[in-house]
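Heads up: the structure comes next, in structure tokens.
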Amino acid sequence: MRARYKIPLGITAAGAAGLLYAAGFEARSFRLRRVTVPVLPSGMRPLRVLQVSDIHMVGGQRKKQRWLRSLAGLRPDFVLNTGDNLSDPEGVPEVLDALGPLMEFPGAYVFGSNDYYGPTLRNPARYLVEKVQGRHGLNGNAQAVGVVHNPWEDLRDGFDAAGWLNLTNTRGTLKIEGASIELTGLDDPHIKRDRYAEVSGGPSDAADFSMGVVHAPYLRALDSFAADGYPLIMAGHTHGGQLCIPFYGALVTNCDLDTDRVKGLSTHTSEGRTSYLHVSAGCGASRYTPVRFACPPEATLLTLVGREQRALR
């Protein structure tokens, strides 16, 4: 009799241990990744860009808040927030408090779907089904009904008051020690709020350097940025796959981007032009799936250097 239950009990124990690790340790094992990207014109001094993404703040996440505040010690040239700050309608004060030290630096932001709407309880298997069927977010799925509306206006007002640029389907410029950095942003393609026609035309001749910014790296957004000649595109949204298989990688990206580029530095080519693409794995997860496996939460410090140098990933 005992032998009949040996394997199921072992599997159950292994599953429980994995869940404990994914939720109790790895989801709170915050990392800083460093990347060097050769995109600047020759002779321009290097720029240090801190990217934070997919914070998904829930009340009481003290360790995450302390870690985010500590990133100010890196003293970046500017900060880029690529959205999904919230996973709790009451989380705005804690987001602004955690990012407070970083808002002492120049910065810019785009929003993601979770800034606008509260999360819903989903079966994680649906992400696999949607991948197979080519449906992601509102890109093929039915319109969401009965969703919680987050107080994103309060988040926007807090960022704006700190002087961060709102890149919602618009362009903005940061002045960094005399250099003009142009940032062209889109609202979230995951919920079809992107309007590339409003920002099309490529980098401005008046800028020393230009880059594209979007929350979810849908191919239509990446194609547009690359075809217009932006040397660098930055995004978040994917959580790096969130639940990955060791030595294999991510199963899903929650958009139409391939899993080979689910996080980190890669490239994207459209109409014969190639851009560097950086996708942050982010530092949070939905309040309903507060786990990460083989994909620790992160922020990234990107050092932008001259085009003649080599990329370091």
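Plainly put, segment 32-306 has a radius of gyration that is 0.93 times its Kirkwood radius, both from alpha-carbon atoms, as the Rg/Rh ratio. Taken as Cα centroids, segment 282-313 and segment 105-163 sit 19 Å apart, rounded to the nearest whole angstrom. Peptides 300-307, 269-276 ranked from most to least packed give 300-307, 269-276, packing being the mean of other C-beta atoms within 10 angstrom over each peptide's residues. Comparing PRO41, ALA179, LEU277 along the charge dipole axis of the chain, the residue lying farthest to the positive side is LEU277, per the Cβ-charge model. Under a model in which nothing but the beta-carbon of Lys, Arg (+1) and Asp, Glu (-1) is charged, the chain shows a dipole of about 1600 debye around its Cα centre. The 3J(HN,Hα) values that the Karplus relation (6.51, -1.76, 1.60; θ = phi - 60°) gives for segment 305-313 are, in residue order, 10, x, 4, 6, 8, 9, 6, 10, 10 Hz. Gly and Pro appear as x. Here's the picture: a label point sits 7 Å out from the Cα of ARG66 along the beta-carbon direction, and within segment 74-96 the residues with their amide nitrogen under 18 Å of it are 74, 94-95. Near ASP256, the amide H atoms lying under 5 Å from its own belong to LEU219; only residues 5 or more places off or on other chains count, and H is placed 1.01 Å from N.
Working note: Karplus 6.51/-1.76/1.60 with θ = phi - 60° gives segment 285-293 the couplings 7, 4, 4, 8, 9, x, 9, 9, 9 Hz, where Gly and Pro are set to x. When a 1.4 Å probe is rolled over the protein heavy atoms, the share of accessible surface on the chain that falls to carbon and sulfur comes to 54 percent.
Of the complete DSSP H runs in the chain, those spanning 18 angstrom or more by Cα along the long axis with a mean Kyte-Doolittle score not below 0.5 are 2-20.
Working ranking of peptides 26-36, 221-231 by packing, defined as the average number of other Cβ atoms within 10 Å per residue, highest first, is 221-231, 26-36.
Along the axis of the charge dipole computed for the chain (Cβ charges of +1 for Lys and Arg, -1 for Asp and Glu, origin at the Cα centre), the listed residues LEU251, LEU165, ALA216 are led at the positive end by LEU251. Each Cα pair under 8 Å and six or more residues apart adds its sequence gap; the mean of these over the residue count of the chain is a relative contact order of 27 percent. Partner aspartates and glutamates whose Cα lies under 14 Å from the Cα of LYS63, excluding those fewer than 8 positions away in the same chain, are identified as GLU26, GLU94, ASP97, GLU298. Taking 0.36 nm per residue of sequence separation and removing the Cα-Cα distance, the ARG310/ASP97 pair yields an extension gain of 73.0 nm. ILE233's amide H: which non-local residues (gap 5+, or another chain) put their own amide H closer than 5 Å, with H modeled 1.01 Å from N in plane and none for Pro or chain starts? Placed amide hydrogens put GLY212, TYR276, LEU277, HIS278 under 5 Å from ILE233.
The values are calculated or read from the model by the stated rules, or taken from the named source; none is laboratory data. Computed from a predicted model, the values in this text were never measured in an experiment. Here the Cβ is made from the backbone with ideal geometry for all residues, glycine too, and neighbour counts use every protein chain on show. Keep in mind that these areas ignore ligands, DNA and RNA; they rest on the heavy atoms of the full protein, side chains included. Shrake-Rupley method; radii C 1.70, N 1.55, O 1.52, S 1.80 Å.
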